[in-house]
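Here is the structure we will look at, set down as structure tokens.
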Amino acid sequence: IYAISGNGSPPLTSLAGDWFENEVNPPVFFSFALEGDVFVFRSSRQAAALCHPGARSGLFHEQLWEYDVAEFFLSDPVTGNYLEFNLSPNGAHWACLFGSPRSPLAELREIGATSLGTCGPEGWQARADLPLAWLKEHLHFGIATRVNATFILNSPAPQFLTAAWLGGGEPDFHRPDHYVAW
């Protein structure tokens with residue numbers, strides 16, 4: 001997670017292999033940054049994406065994971081709860097708080113998140129901003145927070161990508177014990 005001041009942008013990290021170590025070409029890119037009073041997740045890819053047909057840039061929308069999507073996870077170092085945040089290439093978003101793997105506590109429609117994206121045949125880029133105050137209050141966000149970036153690409157024959165190694169087996173991003181410290 002980069003701390004950005006002024007008008008700079010953080011460097012992007014690329015992922016070019018899927019869950020099963022198959023090549024993903026072109027790769028996907030992402031970054032996490034602290035910019036003023038927001039936590040920013042950026043993602044992009046130089047390839048077309050299949051977005052949820054009902055999803056609109058900047059709006060909350062369920063089931064984004066059934067199509068191409070960028071995601072990130074943040075785990076609470078105090079409670080063990082974790083946040084899943086989905087970001088469609090077109091800029092729609094969805095968020096949910098989990099108490100344990102795959103045990104949702106609540107969808108999070110009103111946390112002050114903003115999102116936007118542009119998506120076309122040549123590629124896409126999307127961004128989500130979450131208020132640091134909300135993250136600190138509800139997830140004890142700080143140096144002990146563990147994170148992961150994940151992607152579902154190439155729908156309807158999806159490839160699953162994860163920045164952190166999550167233990168193998170079938171694709172499952174809900175393994176907070178494997179997320180990495182920032």
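The values are calculated or read from the model by the stated rules, or taken from the named source; none is laboratory data. Note that the structure is predicted; figures quoted are calculated from it, not measured. Neighbour counts are summed over all protein chains in view; Cβ atoms, including those assigned to glycine, are modelled from backbone coordinates with ideal geometry. Accessible surface is based on the protein model in full, side chains and every heavy atom, while ligands, DNA and RNA are left aside. Shrake-Rupley method; radii C 1.70, N 1.55, O 1.52, S 1.80 Å.
Here are some notes:
- Here the scattering of the chain is modelled by Debye summation over its C-alpha atoms, one equal scatterer each and no solvent; at q = 0.11, 0.17, 0.18 Å⁻¹ the log10 of I(q)/I(0) is -0.42, -1.09, -1.24.
- Percent accessible area from carbon and sulfur atoms, the chain, protein chains only, probe 1.4 Å: 53
- With contributions of -39500 (n - 2.57) from each DSSP H run of at least four residues, the per-residue ellipticity at 222 nm computed over the chain stands at -1000 deg cm²/dmol.
- Nonlocal amide H pairs with G17, under 5 Å, H built at 1.01 Å: V24
- Mean projected area of the Cα convex hull of segment 14-80, taken over all directions, amounts to 6.8 nm².
- For I4, solvent-accessible area (1.4 Å; no DNA, RNA or ligand), Å²: 30
- Surface accessible to a 1.4 Å probe, T118 within the full protein complex, Å²: 80
- Segment 66-93 and segment 106-182 have Cα centres spaced 3 Å apart.
- With all protein chains in place and ligands, DNA and RNA left out, the 1.4 Å accessible area ranks R175, R109 as R109, R175, largest first.
- Per residue, the chain exposes an accessible area of 47 Å² to a 1.4 Å probe, with every protein chain left in place.
- Ranking E170, E62, E21 from most to least accessible surface, computed with a 1.4 Å probe over the protein chains only, gives E21, E170, E62.
- Debye intensity ratio I(q)/I(0), log10, segment 53-126, q values 0.13, 0.16, 0.19, 0.26 Å⁻¹ (C-alpha model): -0.39, -0.56, -0.75, -1.18
- With K and R counted +1 and D and E -1, the other residues having a Cβ less than 11 Å from that of E84 yield a net charge of -1.
- Once all protein chains are placed together, V78 keeps about 100 Å² accessible to a 1.4 angstrom probe.
- Cβ-derived FRET efficiency at R0 45 Å, E21 paired with L59, nearest 0.05: 0.80
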